[in-house]
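Below is one structure, written out as structure tokens; comments come after it.
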Amino acid sequence: MKLKTIIILITTIVTYQINAQTPIIETSKTTLSIGEKVILDSKILNENRTLNIYLPHSYVQDSLKTYPVIYLLDGSIDEDFLHITGLVQFGSFSWINMLPESIVVGISNVDRKRDFTYPTSNKKDKADFPTTGKSEAFINFLGTELQPYIDQNYRINKTKTIIGQSLGGLLATEILYKTPDLFDNYIIVSPSLWWDDNSLLKSKPKAYMTKKSIYVGVGKEGSIMEKAATDLFKTLKSNKKENTQIYFGFFEDLDHGDTLHLAVYDAFELLFKTKE
């Protein structure tokens with residue numbers, strides 16, 4: 001082995017050993033927070049429910065400003081909370097101006113199969129979802145406990161949006177059909193409207209008084225899912241009032257697992273930019 005090669009090898013080994021033995025000193029370490037975690041005692045559901053609440057950067061700085069609220073189903077930290085709040089933050093940058101700064105209320109799940117479904121007569125539904133059929137109680141929780149809590153404890157304006165995907169999309173559709181004035185904007189992605197043999201689609205949506213913006217999105221998810229989403233859009237469009245805007249998004253390169261993110265981005269751009 002040449003002398004030059006030996007010297008380089010020794011230098012490399014010594015440098016590695018020095019670096020390995022030299023500790024990296026932290027100058028500080030603090031907790032990184034993008035909002036608040038709240039445990040809400042629900043008398044209606046007879047259980048504690050965890051809320052992950054994103055607060056815009058200006059919330060602390062501007063004590064007079066009020067904010068719209070986006071209610072996110074499947075809002076656990078390990079579900080959709082982080083990436084949806086990222087879209088909200090990005091979309092509200094002044095140079096993007098896609099939607100106003102907003103508070104996001106992520107509702108963590110306890111049993112989504114229980115909370116997001118209404119009773120079914122389908123035997124397979126019952127077998128696959130043994131805890132099913134309690135959406136009425138969950139909707140009651142949203143309207144009489146969760147929304148009043150947010151109203152009383154945060155600086156909000158009157159605009160309320162709900163985002164639901166899959167079974168969450170089924171629940172958001174049920175709310176739109178049965179208690180539409182609970183929210184102003186509905187973002188419904190890949191809704192599981194096959195539930196109970198498409199019974200919700202066979203019913204008539206309840207009339208509402210307030211202005212609505214509704215977005216329905218679906219990916220390349222098979223004929224059942226795609227037809228149900230398309231039928232929902234057509235039904236809503238045929239019952240459309242003057243105070244309603246309805247949009248549809250089809251994402252042919254995405255499937256049931258990855259449509260949500262791009263669909264919500266598309267919905268934000270359509271629902272909020274058109275209001276400027």
* Give, in whole angstrom and from largest to smallest, the semi-axes √(5λ) of the equivalent ellipsoid of the chain, with λ running over the eigenvalues of the Cα gyration tensor. => 43, 24, 21
* Segments 184-194, 131-141 sorted - mean Cβ within 10 Å per residue, highest first -> 184-194, 131-141
* Asked: Just for the chain, what percent of DSSP beta bridges are antiparallel, to the closest 5?
  -> 30
* Estimated FRET transfer efficiency (Leu82, Asn243; beta-carbon r; R0 30 Å; 0.05) -> 0.35
* Förster-model FRET efficiency, 22 Å R0, Ser63 and Ser33, C-beta, rounded to 0.05 -> 0.75
* To do: Evaluate Rg over Rh across region 169-232, taking Cα atoms for both radii and Kirkwood's formula for Rh.
  => 0.96
* Given a Förster distance of 51 angstrom, what is the FRET efficiency for Trp95 paired with Lys126, based on the Cβ-Cβ distance and rounded to 0.05? -> 0.50
* **Scattering profile of region 199-276 at q = 0.15, 0.19 Å⁻¹ [log10 I(q)/I(0), Debye over alpha-carbon scatterers]** => -0.57, -0.88
* Hey, any idea what Rg/Rh is for region 31-184, computing Rh the Kirkwood way over Cα pairs? -> 0.99
* region 34-273, relative contact order in percent, only Cα pairs under 8 angstrom and at least six apart counted -> 17
* Asked: Using alpha carbon centroids, what distance separates region 174-209 and region 52-100, in Å?
  -> 25
* Anything in the chain that counts as a DSSP H helix reaching 18 Å or more along its axis (C-alpha) with Kyte-Doolittle mean of at least 0.5? List them, would you? => 3-21, 259-273
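Every read-out reported here was derived from the displayed coordinates using simple, explicitly stated rules and does not represent laboratory data. Not measured: the values here are computed from a predicted model. A quick note on method: Cβ atoms are made from the backbone with ideal geometry, for glycine too, and the neighbour counts reach across all protein chains shown.
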